[in-house]
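Q: Can you keep this structure in mind? I'll have questions shortly.
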Amino acid sequence: MFINFFYNLKANGVPVSLHEWLTLHQALALNLNDCSLTQFYYMSRAILVKNEIHFDRFDIAFLDTFKDIETTDEMLEKILEGLKKVKELKLTEEEKRQIEELDLDQVLKNFEEQLREGHYKNHVGGNKAIGTGGRSTQGAWGYNPAGIRIGQGESRHRRAVQIAEKRSFRNYSNNITLDTRQMRVALSHLRSLLPIAPEEKLDLENTIDATCKNAGELEFIWQNKEKKASKVMLLMDVGGSMTPYSSLVELLFSAASSQINRFKHYYFHNCIYQDLWTDIERRESISTQEMLRNEDDDFKVIIVGDAEMAPSELTWRNGAIDYWYHNDTPGIVWLQRIRDKFKDSVWLNPLPSRSWDFIHTARLIRDVFPMFELTLEGLDDAVRHLMKSAGRVYF
Amino acid sequence: MNYFKGTDEYVLSPALRDIVNVSIALGRPLLIKGEPGTGKTLLAHSIAKGLGKELIIWNIKSTTKAREGLYVYDTVQRLNDSRFGDKDVSNIKQYIQLGKLGLAFSSKEQVVLLIDEIDKADIEFPNDLLNELDEMSFYIPETAETIKAIHRPIVIITSNSEKELPDPFLRRCVFHYIEFPDENLMEEIVRVHYPDLDKKLLRECLKKFYWLREFDQLRKKPSTSELIDWIQALLAGGISPKIVESELPFLGALLKKKEDMDLVTNSPKNHYGYNSSSRTSRNVY
């Protein structure tokens, strides 16, 4: 049994359910993997994993469970040295039918016996023993649907572990920080904030009115029931400690702006004060107060920043990092105003969450905004939080 | 027993072929995800063709409701007909139209049902279909009828992962992610479309194509169908491999956004300076 595979998957954070596990066993009972570990790998992945971001963890769990698997491979390799490829066998229908009647257990037993008796050496053709091109149930390039295929160019069993070892889906894994490659996926998470198309509905009241006016002749009035679209506002920290992340965040923003119609974005440096910049070089600005006054409160606000600054920048008057910039209201007050104005707001932090507790200002900001990591998982949680519309308790 | 081997026009990896067969044998819907242009929809066509079965396509739009796939009760038509009495309005049956799912269930032969781009619909859409896909039957209360599948249809579902699909729905599916084909597989795919394409031209095209795809900041990466279009354009224009090597003719067939065009033409490693030695990234900032 390989029940430990199930627990290994669970331990690696792949969400597997018993339902899927049983389906896998159903598939195994039907021998859909054709006794091959490689096919078992693909089959179990198809049945157990439902999102490509978990493929990498699946690979890890698979490696963990099956890396030391002792298939008869080692032995087989020795056998295969003696096997040589011969021309494919031509069989009559009658013979094919006979062969198809063989059952797998019998074949396996036969195989083991043959192995023990050492019949396999340099055997070509024939009906019983292992060889190539024969009608026996073992060996490559032969004809037998119930046969054990050993070695067709390479060992099939070893391959599954090698595929898992390659971990080609590492980039899809959802707990590494977003890179540009994952932009699209990240955006797809933002898509759930997109407006929903209008819906056609029969306007009953007006239909009755129109029908009456029409002397009983039916007149249908349709109305477009437009569902409320989400509006997104992105506020982004640029410069200073955010420089390493700037290209990433800028990409997220420009891509998001092309995806979402009602989309606004502003820039700030370290903390938000009375001005918000509309360009990344921070030359053009608008007044934060005006923005708060003019915008609707149903914007979903996403703030991206590392929340790492001197505590004075957040809590002091004139605490802004640019010494020529005077703010008579501390940054934290501005943050609170933004939080109070908009129903839903979140803070995305490119730093890993384990470091947040050690940054004083991050702790302070977390008191104001719910903070999420700028990873796929974090973004996902953040979007879910925004959609719940439970961001703020009304005072 | 249905065993899908693939068709001549559709190149598929052995892994995908096996998974198609697993899903057919288990009688579970096959959920296919992957980059646009990796042939998700074509797979269903290929399965239908390979197994010699009818294909029913249900295209999902943002306004599609799960019920529409089962049946539509045209109450407005009935109301309209009731005025003249030339039709028997009490026979509700004639106002019930089966949707795509209903058609697939009631078909006499086993069919292949393609539910295309399921993620386009409302988030609750897949959940509303759970029972129907599980039991392969549904009940029409208006006529007190139960439509039950005579043969379980082979269900293929495609998704562009624009929205997350709900877990209970996923649990019932078999899942496969089609990776973007590598150069060898891509060569095979192009060969299917252009069997007698000049080898040199093909090689140059693929080289350029994968080079373009390496640009991380592209808004829309060129996909297989764009490559095919591009080659078509090159053939129609009678462009020689030499020209493809030195410049990028008909770039518009590959890139569909102005920003992407600018990015590629203005890139420091643009095609004029492009040769194999400059590929080691020198743009260190």
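Q: Just to be sure I understand: if you take the accessible area of chain B alone plus chain A alone and subtract the pair, with a 1.4 Å probe, what total do you get in Å², rounded to 100?
A: Interface between B and A: roughly 3300 Å².
Q: Build a GNM of chain B with springs between Cα atoms under 10 Å: which of B:LEU43, B:LEU113, B:LEU201 gets the top mean-square fluctuation?
A: Per the Cα network of chain B with a 10 Å cutoff, B:LEU201 tops the list.
Q: Right, something else. Mind telling me which of B:LEU26, B:LEU227, B:LEU133 comes out most flexible in a GNM of chain B, alpha-carbon contacts under 10 Å?
A: Maximum fluctuation in the GNM of chain B, among the listed residues, is at B:LEU26.
Q: Given a Förster radius of 22 Å and the C-beta distance between A:LEU18 and B:GLU124 as r, what FRET efficiency does 1/(1 + (r/R0)^6) yield to the nearest 0.05?
A: 0.35
Q: Please express the Cα-Cα pair-distance distribution P(r) of the stretch B:14-178 as a list of whole percents, one per 10 Å bin, running from 0 to the bin with the greatest distance.
A: In order of increasing distance, the bins hold 10, 37, 32, 14, 6, 1, 0 percent.
Q: Which whole-angstrom value gives the distance between the alpha carbon centres of the stretch A:11-37 and the stretch B:108-132?
A: A separation of 24 Å, based on Cα centres.
Q: Contour minus end-to-end for A:GLU219 and A:PHE358, with contour as 0.36 nm per residue of separation and end-to-end as the Cα-Cα distance?
A: 43.2 nm
Q: Which residue, chosen from A:LEU386, A:SER287, A:ILE332, occupies the Cα position most advanced towards the positive end of the dipole of the stretch A:231-388, where the dipole is computed from +1 (Lys, Arg) and -1 (Asp, Glu) charges on Cβ about the Cα centre?
A: A:LEU386
Q: If you don't mind, there's one more thing I want to ask. If you take every DSSP beta bridge whose two residues both sit in the stretch B:14-178, what share of them, in percent to the nearest 5, is antiparallel?
A: Taking every DSSP beta bridge within the stretch B:14-178, about 25 percent pair in antiparallel fashion.
Q: When the accessible area of the stretch A:231-388 is computed with all protein chains present and a 1.4 Å probe, what percentage of it is carbon and sulfur?
A: 46 percent
Q: Based on Cβ point charges of +1 for Lys and Arg and -1 for Asp and Glu, what charge dipole magnitude is obtained for the stretch B:108-238 about its Cα centre, in debye rounded to the nearest 20?
A: The dipole of the stretch B:108-238 has a size of about 600 debye.
Q: Quick check for me: using +1 on Lys/Arg Cβ and -1 on Asp/Glu Cβ, what's the dipole size of the stretch B:1-81 about its Cα centre, in debye to the nearest 20?
A: Dipole about the Cα centre, nearest 20: 220 debye.
Q: Sequence gap at least 6, Cα distance under 8 Å: using those rules, report the relative contact order of chain B to the nearest whole percent.
A: 21 percent
Q: Ok, one more. State to the nearest 20 debye the size of the charge dipole of the stretch B:1-141 about its Cα centre, where the only charges are +1 on K and R beta carbons and -1 on D and E beta carbons.
A: 200 debye
Q: If you don't mind, there's one more thing I want to ask. Considering only B:GLU245, B:GLU204, B:GLU145, give the residue with the highest GNM mean-square fluctuation for chain B, with springs between Cα atoms whenever their separation is below 10 Å.
A: B:GLU145
Q: Accessible area per residue of the stretch B:1-78 at 1.4 Å probe, in Å²?
A: Result: 44 Å² per residue.
Q: Let me ask something additional. Which loop trypsin sites (Lys or Arg not before Pro) in the stretch B:36-82, with loop taken from DSSP, have no more than 13 other Cβ atoms within 10 angstrom of their Cβ?
A: For trypsin sites (Lys or Arg not before Pro) across the stretch B:36-82 that sit outside H, G, I, E and B with at most 13 neighbouring Cβ atoms in 10 Å, the list reads B:LYS61.
Q: Name the residues of the stretch A:33-72, by number, that are at least 50 Å² less accessible with every protein chain in place than in the isolated chain; the surface is that of heavy atoms, probe 1.4 Å, without ligands or nucleic acids.
A: A:TYR42, A:ALA46, A:LYS50, A:GLU52
Q: So which residues of the stretch B:21-50 lose at least 40 Å² of accessible area, probe 1.4 Å, when you go from the chain by itself to every protein chain present?
A: B:VAL22, B:LEU26, B:ARG28
Q: Taking just the alpha carbons, could you work out the radius of gyration and Dmax for the stretch B:82-235, both in angstroms?
A: Taking only Cα atoms of the stretch B:82-235, I get Rg and Dmax of 23.1, 72 Å.
Q: If you average the sequence gap of Cα pairs under 8 Å that are 6 or more apart and divide by the length of the stretch B:155-252, what percent do you get for the contact order?
A: Relative contact order comes out at 25 percent.
Q: Say the dipole of chain B comes from +1 at the beta carbon of Lys and Arg and -1 at that of Asp and Glu; which of B:TYR194, B:LEU114, B:PRO29 then lies farthest toward its positive end?
A: Toward the positive end, the furthest listed residue is B:TYR194.
Q: Identify, among B:ASN2, B:ALA233, B:THR265, the residue whose Cα sits farthest towards the positive end of the charge dipole of chain B, taking +1 on the Cβ of Lys and Arg and -1 on the Cβ of Asp and Glu, with the dipole about the Cα centre.
A: Sorting the options by dipole projection puts first B:THR265.
Q: For an R0 of 60 angstrom, estimate the FRET efficiency from the Cβ-Cβ distance between A:ALA11 and A:CYS212 and round to the nearest 0.05.
A: 0.30
The values are calculated or read from the model by the stated rules, or taken from the named source; none is laboratory data. As the structure is a prediction and not an experimental result, all values here were calculated from the model. Using ideal geometry, Cβ is built from the backbone for each residue, glycine included, and neighbour counts are taken over all protein chains shown. Protein only, heavy atoms only, side chains kept; ligands, DNA and RNA dropped before computing areas. Shrake-Rupley method; radii C 1.70, N 1.55, O 1.52, S 1.80 Å.
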